[in-house]
Amino acid sequence: MIKTLFIAVISSLFVATSSMALDRSPSAEGAELYFISPKSGETISGPVTVIFGLKGMGVAPAGTDKENTGHHHLLINTGLPALDLPVPADDQHKHFGKGQTQTTIELPSGKHTLQLLLGNHIHVPHNPVVASDVIEITVK
Amino acid sequence: MNYRVTIAAALVVAAGALAACSNNPIEAVKEAVKSDSASVPGLPRSSSAEGARLAILSPGDGDVISGPVTIVFGLEGMGVAPAGIDIENTGHHHLIINAGMPEMSLPIPADDNYKHFGGGQTETTMELPAGEHTLQLLLGNYLHVPHDPPVASEVITITVK
Ligand SMILES: [Cu+2]
Ligand SMILES: [Cu+2]
């Protein structure tokens, strides 16, 4: 019983490891993702311009597999997604697959959390993950 | 003899080499260009997106800075792609230090006055000698040639203490 469980755990680890090796790209040591704008705690009227800051790595459009690059994803009012899968694409997970480094979005009035997450050529987060701090803004 | 094709091929090779390593392949590009200056007007410029804007987000014009200078590149209306990658409405950043705009129909020079960010970088930190310096950003395509029309920032002046 214990032995079976042990084998199950080991083999699931193996599967997880090999799928990571397949899909995730290594990030550069010390790479850092951050919001140039807005700043956490800011109150904004009208459309929100979000500017993405990336230190220690470069930007490449989705589909371009080049070492130490990735494209930006903006997470809106949600936590980090599964790290061994492509980032979802919906209202809470926005992809910037054309290499964009900023965006302007409309948000309903109220509080919102924002977080940036770098993804590789197939939209899978890097290993180790490159994500910004979560910021909270208020839209008037 | 189709020199344009030959030069374009040489440029592609040089751009690929630049993406892989660093500085000197620009020299190869220049050589390729020099070898037949008659076909220079045929160099592949990429069109820029309408309304695309390049800005130095930091430092600000007139800033006085001590120590290393972090320069943050802002690009609106287009995307960033590493050198060697030919995707519509993308380019990579070049920082022009204490120099004017280069020739628009040639690859941007690669020297102390013209820094390439062919790895798709969107910021850099550098040491500059004390004194006044001008900085300007210029987007280049996969072959390091400015877009048409060019996408360049305002020139800013900073003082390093
Ligand atoms: Cu993506
Ligand atoms: Cu370049």
Inset, instruction - Would you mind finding the one in B:H116, B:H93 that is without any contact (Cβ under 8 Å) to a residue 60 or more places away in the chain and either within 11 Å of ligand 2 (Cβ to nearest atom) or not assigned by TED's automatic domain parsing to the domain that holds B:D61 (or both)? - result: B:H93
Inset, instruction - Quick one: which strands (runs of 3 or more DSSP E) lie wholly within the stretch A:46-106 and hold at least 3 residues that are at the interface with another protein chain (Cβ under 8 Å from one of its Cβ atoms) and modelled with pLDDT of 95 or more? - result: A:48-55
Legend entry - Pairs with Cβ under 6 Å, 6+ apart, first in the stretch A:120-133 and farther than 22 Å from A:K98 by Cβ, second open to solvent by less than 70 Å² (accessible area, probe 1.4 Å) and not aliphatic (A, V, I, L, M): A:N127/A:R24; A:P128/A:S27
Legend entry - Selection count where residues are away from ligand 1 (no atom under 16 Å from the Cβ) and closer than 26 Å to A:A62 by Cβ, scope the stretch B:114-149: 20
Inset, instruction - Working only within the stretch B:120-152, note down all residues that are under 11 Å from B:L54 (Cβ atoms) and open to solvent by 10 Å² or more (accessible area, probe 1.4 Å). - result: B:Q136, B:P150, B:A152
Legend entry - Filtered residue count, the stretch B:79-88, keeping only those that are more than 7 Å from every other protein chain (Cβ to nearest Cβ) and within 19 Å of B:P107 (Cβ to Cβ): 3
Legend entry - Neighbours by Cβ (under 7 Å, 6+ apart or cross-chain): first from the stretch A:57-72, open to solvent by less than 10 Å² (accessible area, probe 1.4 Å); second more than 15 Å from ligand 2 (Cβ to nearest atom) and of a type in the set (K, R): A:P61/A:K98
Legend entry - In the stretch B:116-139, the residues that are away from every other protein chain (no Cβ under 14 Å) and assigned to a strand (DSSP E or B): B:G131, B:E132, B:H133, B:T134, B:L135, B:Q136, B:L138
Legend entry - Residue that is nearest to ligand 2 (Cβ to nearest atom), among those in the stretch A:80-123 that are surrounded by 14 or more Cβ atoms within 10 Å (Cβ to Cβ) and among the basic types (K, R): A:K98
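The values are calculated or read from the model by the stated rules, or taken from the named source; none is laboratory data. Since the structure is predicted, the reported quantities are computational estimates derived from the model, not experimental observations. Cβ coordinates were reconstructed from backbone atoms using ideal geometry, including for glycine residues, and neighbour counts include every protein chain displayed. We work out accessible area using only protein heavy atoms, side chains counted, and drop any ligands, DNA or RNA first. Shrake-Rupley method; radii C 1.70, N 1.55, O 1.52, S 1.80 Å.
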